[in-house]
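Read the structure below first, then the notes.
Nothing in this text is a laboratory measurement; each read-out follows from the coordinates by a stated rule. Keep in mind that this is a model prediction, so the values were computed, not measured. Positions of Cβ are generated from backbone atoms using ideal geometry, with glycine treated the same way; all protein chains shown enter the neighbour counts.
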Amino acid sequence: MDAHNNDPISQYEARLAELESKVLRLQEERSKSSPAPAVPKNFFERYAIIGIWVLLIALFAFIDSGIYDSSRFFSWTNFSTIFGTQGVLIVLTLGLLLPLTAGDFDLSIAANMTLSSLVVAILISQGSPTLVAVVLGLLVGAAIGAANAFFIVFFRIHSLIVTLGMATFVIGIAKWISGSRTISIFGANPTLIGWVNQTRLFEVSMSFWYALILCAIIWYFLEYTTPGRRLLFVGRAREVARLAGIRVDSVRALALISSGAIAAVAGVLAVGLNGSADPSSRIGLLLPAFAAAFLGATSIVPGRFNPVGSLIGVLLLATGISGLQIFGIPNFVQDLFYGGGLILAVAASQLVRRRQPMEFGS
Amino acid sequence: MQKTPALQITNLSKHFGGAVALDGVSLSVSRGEVHGLLGQNGSGKSTLIKILSGFLAPQPGAKLVLYDREIPLPLTPGQFRELGMAFVHQHLGLIPSLSVTENICLSDFATQNQWRIDWRGETQRIRRILTEYELAIDPTTKIQDLPQVDRCLVAIVRAMEEVRSAQEAHGGEGILVLDEPTPFLPRIGVEKLFNLVRQLVKKDASVIFVSHDVDEIMEITDRATVLRDGQVAGVIETDRTSPEDFIELIIGKRVTAYQATHRKKPADRSAVIVSDLSGATCRNVSFDLSGGEVLGLTGLIGSGFDEIPSLIYGARTALDGMLSIDGKETMLREMNPEKAIGLGMAFLPADRIGASGAGTLPISDNMTLPSMANFARKLGLDRLGMRQWAQETGAAHDVRPNNPDLNLENLSGGNQQKVLLAKWLELKPRLLLLDEPTQGVDVGARQQVFAAIDQAAREGASIVCASTDAEQLAQICDRVIVFAQGRPVIELTGERLTKEEIVFQCYSALSVDQTALVE
C-alpha cells in the first residue's frame, strides 16, 4: 500500500482528483445559487423583443401626440388594422418555422401562397362551393411541398436550390392560370370574405385570430409532441437523430409538405382579406417571413425558431412600418425595415452564439 | 552512416496545462536518411509534428538547427515551407474533384498571384515531374478517380515540389515528414510508396517517417527514434534491432496496477452471434457473445475493428453478414438504426457531439430522445416529468453539474458521455455497442463510465467495445479480439488479458499475418 502511495503517478492522479472535485464543487455551488434570484438568468434576452416593441409604440405615440395632437398612431383603430393585415404574414412565417427547425429552407413559400390563393379565387369565381375551393387550394400547397421534399430528400439537393427554382416555377404556373390578371371573388361568392374579414372580434379581422390559433397549435406541436421533438433533433443533429432510430428523411419531407399546406392557408386568408388574388403582389412577403422567423429565434426561446417569438417579430416589424408611414415617410421604408431587420436579427443571434459559423443542413 | 545532420532538435518540451506531452525530447535526422518516429497513441509523436509545422509553440529552451542554421522557435504556421520542410498527413489535403495538375499547383496558387495561367505548360511540367519519379499517373486525372495509393503518391510529390522550390532560395536538400501515410494502403501500395521514398533520399533529401507499424519502420528506415510517455525511449539503428526489441521499446515494461473487475463467468455463447460480417475494411468477421459478457475489439488504426459496432447497428451499411440476437436472425445488409433499436440494440459512437448527442440542445432533451414515447400523455408530452426524470437519472449517473436545462455542449467530455450512456442504458439494451467510450474523458469520469458498463453487463446485456485503449480493454472486457488487415488475428482471455499483452499483440499482429500469408 505504501509503495503504491509513493508512486509519483498515483500521487499525481490523487492531486488531479482533488483539484477536479474542487472545481466541480465550485461549479455546483454556482449552478445552485443561480435559480435563486427572482429574475431568471436570460430573462432580458428572452423578453427583450417585447420590450423593444413596447418602446417603439411609446416612441411613436409620443411623437404622434406632439405633431398631430390627436392620436393617429396610438389608437385601437390603427392597431386593429395592423393586427388584421398581418394575419397572412404570421401564418406564412409559422409555415416557414417547420422546415427551418428541421434544417431546411423553403424559399418557395410565398410563391406557393400566391398560387394557392389564385387556385382558390379562380375556383370560387367559376362557381365552386367555397369549402371545395379551400380544400383544393390546401392540396395544391401540400403538393408543392411534396415536390420540394422529393427533390431535396430523394436527390439530396440543398433545399436552397430546390425551393429557389420551385418558387419561380410556381409563379410561372400562377401567371399562366390567371392570365397575369387579378381574379376577384366579390361578384361570384363572397362567403370566404365573410369568414375571414367581415366577421370581426374586437374590431380585428378574423384572419389575425386564425393566425393566433395556428400559432398555439404549432407551439404545442413543437413543445409537447414526440414528432415535434424529433423535428428539432433532425434540424440540430441529423446524425444523432438517425442513430436514435428517427426516420430523418420522412421527418424532413413531412416538414416541407406541412409548410406547403400552411402557405396555402395563408393564401386562403389572403383571398378572404382582399376578396381577390393576383400573381405578383404577395411574392414580396418571402423576406418579411424570413426576417420575422429569425427575429423570433433571438427571443422567447433564444437560439430556437419558435412560434411566439415569430408572432411578436411580425408585429414588431409591422408596428415600425405603420408608425413611419403615418408620419408620411414614403413606402421604401418597408424594404429598409424588412431587409435590415433580417440581417440585424441574425447578427444579434450570432452574437449570442459567440459568432460560431452558421451551419445549415444540406 | 553518420553524415552532417539535416535537422537537429534538442531539449524539446511541451506542457498542456499540467500534463506533459513532451519532456526534453531530442531528434536528429541526417542528410539522405529515412528516420522513423514511433510511439503509441499519446506518446508525443503528433505533438512533435505539430511543433515542427508551427501549430504549437514549445516550452522555452528548445533548440532547432536546420542545415547548420539555428532557427528561433516557435515557428509560425506555414514557416516550414520557407525552411525547406514539407508535411504529408494521413488526411492528404487533396481536393478530390480537381485534377492531379491542379492539386499539385495548389500551393503556388495559394501563395502567389498569377493572371495568366498556362494550363498546357503546367500539365506538361507536372507530367515531367511524375515521370522523373517513375510514376505512371496521368496529370489530367481527377484525384477521386485515382486509387488510394496514387493519391498518397501525388500528395508526396506535391510536398517534394514545395521543398524543391524552397531550396532554390535556401541551402539544403529538404526534409519531408510523412505523418502515418500507410494505415489505409494495401501492401502493394506501401511498396510503391517506399520506392518513391527511396528515390527521394537518393537525391540527399531527408525523410521523417511517422508510423506505429513496426514492420514498415524496419523495412524503410535507417534509424528510428522511439517516443514513450513524452520522452525518447531510445534511438536505434534499424538493421541491428529485432522486432521484439522494437516493440518492447515502444510499450515499455511498466506493470499496471489495474485489475479487471471480473464478473461471473458467462456460460453459453449464443445470446448474440455475428457471422461473416464484411464492411469497408473488415472481411468475414464472426464472433459470438453470451449475455452479460463484455467483448473488446482492438487493433492498429486501419485494421478494421473500429467499424464493426456501426456495421452491426446499421449506422453504416454492411456488405454482408448475419446477426442473431436470442435466436432471431437478421441480414446485416438490411439493418438500420430503427430496426436495431427494435431488436434491443444501443450504439454509442465515438464522435460525441457529431453523432452521439446534440450539443446545442439541453441535457433533458438529449437524455429522453430514445425513450420519449414513455412521456407521452393524453395532453401531450409531460415536459416536467421529462426534466425531472433527466435530473434523477443524471444524479444516478453522477452527471455534474446535474442541471437538465444546460446544453449538452456545456458539459465536460466525461459528463457528456455519462449523459449519453444513460440515455441508452435506460432502454435496458440487449446488445450495447460502444466505440471508443472514454476518448477525451477525464480520469474520474472514466471510472464511472466503466462502472456503468459493468452494471449493464451484470444486468445481462451483451456488450461490444471497440477501442484502441488497451488499458481500458484490459479493465472492462472478459475477452478481447485483436484485428489486423480486416481480420481477427487472436483472441485474448483470462491470464493473457493484460494491457501489455493487448498492445504487444496489436503490434505483432501484422508480422504474424504476413508470415502466414507468405507460407
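For residue B:299, nonlocal amide neighbours, meaning residues 5 or more places apart or on other chains whose placed amide H falls under 5 Å from its own, are B:483. Could you give the Stokes-Einstein D for the protein assembly as shown in µm² per second, using the C-alpha Kirkwood radius, 25 °C, 0.890 mPa s? Stokes-Einstein gives a translational diffusion coefficient of 77 µm²/s.
Directionally averaged projected area (the range B:5-251, Cα convex hull): 13.5 nm².
In a DSSP loop and with at most 16 other Cβ atoms within 10 Å, the trypsin sites (Lys or Arg not before Pro) in the range B:274-355 are B:283, B:316. For the range B:5-251, a simple Cβ point-charge model (Lys and Arg +1, Asp and Glu -1, everything else neutral) yields a dipole of about 620 debye relative to the Cα centre. In the range A:47-352, taking the dipole from charged Cβ atoms about the Cα centre, the farthest positive-side position among A:84, A:217, A:194 is held by A:217. About its Cα centre, the dipole of chain B is roughly 900 debye, where the only charges are +1 on Lys and Arg Cβ and -1 on Asp and Glu Cβ. Across the options B:87, B:98, B:130, the greatest Cα extent toward the positive end of the charge dipole of the range B:5-251 (unit charges at beta carbon of Lys, Arg, Asp, Glu) belongs to B:98. Taking the Cα centre of chain A as reference, the dipole from Cβ charges on Lys and Arg (+1) and Asp and Glu (-1) amounts to some 360 debye.
Of the residues A:275, B:506, A:141, the one whose Cα sits farthest towards the positive end of the charge dipole of the protein assembly as shown is A:275 (charges of +1 on Lys and Arg Cβ, -1 on Asp and Glu Cβ, taken about the Cα centre).
List the pairs from A:22/B:418; B:45/B:192; B:45/B:202; B:418/B:499; B:50/B:423; B:14/B:423 whose alpha-carbon separation is above 31 Å, in the order I gave them. As for pairs spanning more than 31 Å Cα to Cα, those are B:50/B:423; B:14/B:423.
Distance from the alpha carbon centroid of the range B:280-352 to that of the range A:236-254 works out to 21 angstrom.
Counting only alpha carbon atoms, the long axis of helix B:383-396 and the longest principal axis of chain B meet at about 70°. Note the angle between two axes, namely the Cα long axis of helix A:76-101 and the longest principal axis of the Cα atoms of chain A, as a number of degrees from 0 to 90, rounded to the nearest 10. It is inclined by approximately 50 degrees. Across A:13, A:45, A:223, mean-square fluctuation computed from a Gaussian network of chain A (C-alpha pairs under 10 Å connected) peaks at A:13. Net length available on complete extension from residue B:328 to residue B:396 is 21.2 nm, with 0.36 nm assigned per residue and the Cα-Cα distance removed.
Under 10 Å from the Cβ of residue B:475, count the other residues' Cβ atoms, weight Lys and Arg +1, Asp and Glu -1, and hand me the total.
Charge balance near residue B:475 sits at -1.
Backbone amide hydrogens, once placed in the peptide plane, bring residue B:173 within less than 5 Å of nothing, excluding anything fewer than 5 places away on its chain.
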